[in-house]
Amino acid sequence: MTQTLINGLAVGGIYGLLAVSFSVVYGVLGMVNFAFGEVFMFGAFGALVAAAANTQIAGADFAGPALPQWAAIGIGLLVGAIVGLLIERIAYKPLRNAPILSMLITAIAVSMLLRAVGTFLFGAARTPVPAPDLGGAITFLDARIQPIDLVIFGVALVAAAGFWALVRFSPIGRAIRATAQDKDAARLMGIGVDRVVSTTFVLGSIMAALAGILYSQKYGFAAATMGFIPGLKALVAAVLGGIGSIPGAFVGGVVIGLVEELAAAYVPQGSAYRDVIAFGVLVLILWLRPQGLLGRREVQKV
């Protein structure tokens, strides 16, 4: 039971970070950036290539920089930030005043394009990721707990809390919240809305890249398609927690992770139906609370 809960927290922490990305961009632009699943992938590959002594890109062998782990993680986050900024500037900025359906279709197209680019650069097969040296399993309450799971949940929790504090208390955070509330009023108050939107994409992409790095460390691989299913589940988590709410998105991710692991451990043939059970819980919670766990009910004037 203890190991199952720790596994659920680790997986849920990864979903939670990615859900925060979806939630903060939705809060500012009112759109779902499906390409965060691919930013997740590029962040993992960025860290992997930076840490490798030899690597293969687009079928050609290259000598890698073999950076220390902490520096490789920094490179992975930087790659995620750059990819996110390019997505916003090239794909979404020209559509800033377009109907939301146009932006939605563009987001799907960008996601598919980036997945194809990832397949071209890194191949369709899984690339092994060396496991970090964190020592052996820890015995606690007759359960063997892997240190990587504790590290992943700890990093995810600190990153999500730091991101919430940044949005809540910093000047750029106040600008993001003002833009999310009313873009025209924010512009009249002298806030550079375009700059705020770009910054939001960069910050969200850093969260998605960090989630991808943690995912590759937990499961020991990186792949061009690795972001699709986690991205879908993170979007579910963002809706479950109340999309637009950073704490809600993270809590939603943790709930999805725990439900998945508990279903796999205690439901007969639960491993095969873990996704169905997780999405079933989503439907049940949204039936009881349409605004999500921590979302606010919106009142529309008529």
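The values are calculated or read from the model by the stated rules, or taken from the named source; none is laboratory data. What you see is a predicted model; the values in this text were computed from it and never measured. Cβ atoms come from the backbone with ideal geometry, glycine included; neighbour counts cover every protein chain shown. Note: areas computed on protein heavy atoms with side chains; ligands, DNA, RNA excluded. Shrake-Rupley method; radii C 1.70, N 1.55, O 1.52, S 1.80 Å.
Looking only at the range 193-227, count every residue that is under 14 Å from the mean Cα position of the chain (by Cα), more than 28 Å from Asp133 (Cα to Cα) and of a type outside the set (Val, Ile, Thr) and tell me the total.
Qualifying residue count, the range 193-227: 3.
Looking at the range 139-163, I want the residues that are at positive phi and have a partner that is modelled with pLDDT under 90 with Cβ atoms under 6 Å, at least 6 apart or on another chain. Which pairs are those?
Leu141/Thr2
Restricting the search to the range 191-231, which residues are among the β-branched types (Val, Ile, Thr), assigned to a helix (DSSP H, G or I) and over 27 Å from Asn7 (Cα atoms)?
Passing the criteria: Val193, Val196, Val197, Thr199, Thr200, Val202.
Only residues that are in contact (Cβ under 8 Å) with a residue 12 or more places away in the chain, in contact with a helix residue (DSSP H, G or I) (Cβ under 8 Å, 6 or more places away or on another chain) and not in a helix (DSSP H, G or I): list them for the range 110-137, please.
Within the range 110-137, Thr127, Val129, Pro130, Ala131, Pro132, Leu134, Gly135 qualify.
Checking the conditions here, which among Asp142, Asp149 is open to solvent by 50 Å² or more (accessible area, probe 1.4 Å) and of a type in the set (Asp, Glu)?
Asp142
So is Ala234 touching a Pro at 6+ places or on another chain (Cβ under 9 Å), in a helix (DSSP H, G or I) and not polar (S, T, N, Q) or not?
no
What single numbered condition from (1) within 30 Å of Val281 (Cα to Cα); (2) surrounded by fewer than 20 Cβ atoms within 10 Å (Cβ to Cβ) fails to hold for Val167?
If we test Val167 against (1) within 30 Å of Val281 (Cα to Cα); (2) surrounded by fewer than 20 Cβ atoms within 10 Å (Cβ to Cβ), just (2) comes out false.
Could you check how many residues of the range 12-35 are among the hydrophobic types (A, V, I, L, M, F, W, C), under 11 Å from Ala234 (Cβ atoms) and touching a Gly at 6+ places or on another chain (Cβ under 6 Å)?
Within the range 12-35, residues that are among the hydrophobic types (A, V, I, L, M, F, W, C), under 11 Å from Ala234 (Cβ atoms) and touching a Gly at 6+ places or on another chain (Cβ under 6 Å) number 1.
With the requirement that a residue be open to solvent by 10 Å² or more (accessible area, probe 1.4 Å) and modelled with pLDDT of 90 or more, what does the range 10-45 give you?
Tyr15, Phe42, listed by residue number.
Name, by its number, the condition in (1) more than 20 Å from Lys218 (Cβ to Cβ); (2) in a helix (DSSP H, G or I) that does not hold for Val158.
Failing condition for Val158: (1).
Out of the residues in the range 45-72 meeting the condition of being of a type in the set (Phe, Trp, Tyr) and assigned to a helix (DSSP H, G or I), tell me which one is farthest from Leu114 (Cα to Cα).
Among them, the one singled out is Trp70.
When you go through Ala107, Ala66, Ala51 one by one, which is the residue that is more than 15 Å from the chain's Cα centre (by Cα) and without any contact (Cβ under 8 Å) to a residue 24 or more places away in the chain?
Going through Ala107, Ala66, Ala51 in turn, just one is more than 15 Å from the chain's Cα centre (by Cα) and without any contact (Cβ under 8 Å) to a residue 24 or more places away in the chain: Ala66.
Quick check on this structure: which one of Ala263, Ala249 is crowded, with 20+ Cβ neighbours inside 10 Å, small (Gly, Ala, Ser), touching a Ser or Thr at 6+ places or on another chain (Cβ under 7 Å) and modelled with pLDDT of 75 or more?
Ala249
Hey, can you tell me all the residues within the range 149-179 that are of a type in the set (Gly, Ala, Ser) and over 29 Å from Leu9 (Cβ atoms)?
Passing the criteria: Ala175, Ala178.
Could you list, in sequence order, the residues of the range 60-91 that are open to solvent by less than 50 Å² (accessible area, probe 1.4 Å) and hydrophobic (A, V, I, L, M, F, W, C)?
Ala60, Ala71, Ala72, Leu77, Val79, Ala81, Val83, Ile87, Ala91
Residue by residue through the range 142-155, note down the ones that are in a helix (DSSP H, G or I), over 14 Å from Val254 (Cα atoms) and at pLDDT below 90.
Of everything in the range 142-155, those that are in a helix (DSSP H, G or I), over 14 Å from Val254 (Cα atoms) and at pLDDT below 90 turn out to be Pro147, Ile148.
For the range 182-225, what are the residues that are among the aliphatic types (A, V, I, L, M), open to solvent by 10 Å² or more (accessible area, probe 1.4 Å) and either at pLDDT 90 or above or closer than 16 Å to Ala160 by Cα (or both)?
Once the filter is applied, which keeps residues that are among the aliphatic types (A, V, I, L, M), open to solvent by 10 Å² or more (accessible area, probe 1.4 Å) and either at pLDDT 90 or above or closer than 16 Å to Ala160 by Cα (or both), the range 182-225 yields Val202, Leu203, Ile206, Met207, Leu210, Leu214.
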